[in-house]
Amino acid sequence: MKALVKPKFPSPSGMVEAPLKALLVDSWYDSYLGVVVLVRVRDGILRKGQRVRFMSSGMTRQVGKRVWDFHPKRGGCG
């Protein structure tokens, strides 16, 4: 039975206990929410109010009031 049920994507390999490691994918400004940043978390956990450091510039910023999972709406093709 296991041979018939084959996952399309590999399981996440990140470690929750490890320090935060995330990749900034996109960012934009929303007139209601302010700056919205889309990241892919590899290791650790991202929490509101947490301070994060950008490796490219060395700047640190505080995570805003909202942190949520991003799930695109599913739609039909055609």
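Assessment of segment 37-57 against the conditions (at pLDDT 90 or above, touching a Phe, Trp or Tyr at 6+ places or on another chain (Cβ under 9 Å) and hydroxyl-bearing (Ser, Thr, Tyr)) yields no matching residue.
The combined condition, being modelled with pLDDT of 90 or more and in a strand (DSSP E or B), is fulfilled by residue 23. Taking every residue in segment 17-39 that is over 20 Å from residue 49 (Cβ atoms) and exposed (fewer than 13 other Cβ atoms within 10 Å of the Cβ) and pairing it with any residue that is hydroxyl-bearing (Ser, Thr, Tyr) and at pLDDT 90 or above, at least 6 positions away or on another chain, yields no pair with a Cβ-Cβ distance below 9 Å.
The values are calculated or read from the model by the stated rules, or taken from the named source; none is laboratory data. Since the structure is predicted, the reported quantities are computational estimates derived from the model, not experimental observations. Methodologically, a virtual Cβ is constructed for each residue, glycine included, from the backbone with ideal geometry; neighbour enumeration extends over all protein chains shown.
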